[in-house]
Amino acid sequence: MPKQIYDVEKFLEMTEEAEECRVKRGADKVKLKLRTKRYLYTLIVEPQKAEEILQQVKCQIVEARPEAEEA
């Protein structure tokens, strides 16, 4: 079962131990899904804030559903 995180600083700390960070972009929000060995953590933020966070992420970044951007 995924766990939702509300603290950006805690999310960034967890990126050091994570395998990957999946980015799921919506019209008005972005979901950052952090896959660790044990859990999947989710952080929901605005698109502008997401770009700032992604620059600080220390694991591999994977875009979820990239074909949706082209359509």
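Just so you know, all these numbers are worked out from the coordinates, no wet-lab data involved. Keep in mind the model is a prediction, meaning the values are calculated, not measured. All Cβ positions, even for glycine, are placed from backbone atoms using ideal geometry, and neighbour counts span all protein chains on display.
Using all C-alpha to C-alpha distances in the chain, build P(r) with 5 Å bins and read off the rounded percent in each one.
In whole percents, the pair-distance histogram is 4, 17, 30, 28, 13, 6, 1.
Report the relative contact order of the chain, percent, no decimals, based on alpha-carbon pairs under 8 angstrom and at least 6 residues apart. Numbers along the way, then the final one.
Numbers: 117 pairs, mean separation 25.4, N = 71.
That works out to 36 percent.
How many lysine pairs in the chain, separated by 8 or more positions in sequence or lying on different chains, have Cα atoms less than 18 Å apart?
20
Can you give the FRET efficiency for Arg38 and Val62, using 1/(1 + (r/R0)^6), R0 = 22 Å, r = Cβ-Cβ distance, to the nearest 0.05?
Working: r = 19 Å, r/R0 = 0.85.
Calculated transfer efficiency: 0.70.
Could you work out [θ]222 nm for the chain from helices alone, using -39500 (n - 2.57) per DSSP H run of at least four and dividing by all its residues? Round to the nearest 500 deg cm²/dmol.
Working: 3 runs with 21 residues, N = 71.
Rounded to the nearest 500, the figure is -7500 deg cm²/dmol.
Taking Cα atoms, how many degrees apart are the long axis of helix 47-56 and the longest axis of the chain, rounded to 10 and kept between 0 and 90?
40
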